[in-house]
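K.L.:
Questions regarding the structure given below will be posed in turn.
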Amino acid sequence: MAQSPQTPTQYPLEGDGTDPDSPPRMPFLHMWTDLDGVSHIADSLMAGFGRKSVGGPAAPQWLRPFPGQVSAVAFAVLPVGWVGAWHESPAPQWVVPVRGRWFIETQDGVRVEMGPGDIHLGQDQGTTERDGRQGHLSGCVGDEPCFQMIVQFAQSPAASTRHPF
């Protein structure tokens, strides 16, 4: 049974970047498959930021290198009312909503809604069908389309566990 929509994410951005000895940690929503083949989604934090210039005379900023070979970058528009039937993410992927809102519901019954400022890592490959559900259900929320940027990886860039980084 689905829970009430949750507000992403429960974790605030940790550190404002002004203290060079205190790297920030960035919140994101992570969807993964457990050892029983059931999908889950929960808040997580990304650590590993270091100070580096992006080039030339630009002052150092906090950057977090990310492992993995990018296989595709795509842009999507979820029309108002769109709902994607139960499915797995086609590849491990970051989904970044840039306008509008969308939802994900996982096999464990958790439903979250996301909008601009939220980021999501989808790693629900290898789920097992249970009661007609496999992977996740997703769709557009509200009365405007949801515009997204999607970055897919050739292989999973991290372990498919609750806190991968």
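The values are calculated or read from the model by the stated rules, or taken from the named source; none is laboratory data. Just so it is clear, the structure is predicted and the values come from calculations on it, not from any experiment. Don't worry about glycine lacking a Cβ; one is built from the backbone with ideal geometry, like all the others, and counts go over all protein chains shown.
K.L.:
Has the stretch 37-58 got any residue that is within 13 Å of the chain's Cα centre (by Cα), charged (D, E, K, R) and over 20 Å from Phe153 (Cα atoms)?
P.N.:
Yes.
K.L.:
Just one of Pro92, Pro60 is touching a strand residue (DSSP E or B) at 6+ places or on another chain (Cβ under 7 Å), more than 20 Å from Asp143 (Cα to Cα) and surrounded by 12 or more Cβ atoms within 10 Å (Cβ to Cβ); which is it? Steps first, answer last, please.
P.N.:
On the way: Pro60 fails: surrounded by 12 or more Cβ atoms within 10 Å (Cβ to Cβ).
That would be Pro92, the only listed residue that is touching a strand residue (DSSP E or B) at 6+ places or on another chain (Cβ under 7 Å), more than 20 Å from Asp143 (Cα to Cα) and surrounded by 12 or more Cβ atoms within 10 Å (Cβ to Cβ).
K.L.:
OK, next. For residues that are in a loop (DSSP other than H, G, I, E, B), without any contact (Cβ under 8 Å) to a residue 40 or more places away in the chain and farther than 22 Å from Ser138 by Cβ, tally how many sit in the stretch 12-57. Reasoning before the result, please.
P.N.:
The first filter runs over the stretch 12-57 and keeps only residues in a loop (DSSP other than H, G, I, E, B), leaving 12-13, 15-24, 34-38, 47-49, 53-57.
Of the ones still in play, those that are also without any contact (Cβ under 8 Å) to a residue 40 or more places away in the chain are 12-13, 15-16, 18-24, 34-35, 49, 53-57.
From what is left, the residues that are farther than 22 Å from Ser138 by Cβ are 12-13, 15-16, 18-24, 35, 49, 53-57.
Total satisfying the criteria: 18.
K.L.:
Considering the stretch 107-140 alone, what residues qualify as being among the polar types (S, T, N, Q), more than 22 Å from Arg25 (Cβ to Cβ) and within 13 Å of the chain's Cα centre (by Cα)?
P.N.:
The initial filter retains those residues of the stretch 107-140 that are among the polar types (S, T, N, Q), namely 107, 123, 125, 127-128, 134, 138.
Narrowing further to those that are more than 22 Å from Arg25 (Cβ to Cβ): 107, 125, 127-128, 134, 138.
Correct list: Ser138 only.
K.L.:
Separate question: Considering only residues that are surrounded by 13 or more Cβ atoms within 10 Å (Cβ to Cβ), under 17 Å from Ser156 (Cβ atoms) and at pLDDT 95 or above, which ones fall in the stretch 65-89?
P.N.:
Val70, Ser71, Glu88, Ser89
K.L.:
Kindly state which strands (runs of 3 or more DSSP E) lie completely within the stretch 78-128 and contain at least 1 residues that are in contact (Cβ under 8 Å) with a residue 60 or more places away in the chain.
P.N.:
93-99, 101-106, 111-114, 120-123
K.L.:
Another question, if that's okay. What about Val73, is it more than 12 Å from the chain's Cα centre (by Cα) and under 18 Å from Phe28 (Cα atoms)?
P.N.:
no
K.L.:
Turning to a different aspect of this structure: May I ask you to list the residues in the stretch 129-155 that are outside any strand (DSSP E or B), polar (S, T, N, Q) and surrounded by 17 or more Cβ atoms within 10 Å (Cβ to Cβ)?
P.N.:
Once the filter is applied, which keeps residues that are outside any strand (DSSP E or B), polar (S, T, N, Q) and surrounded by 17 or more Cβ atoms within 10 Å (Cβ to Cβ), the stretch 129-155 yields only Gln134.
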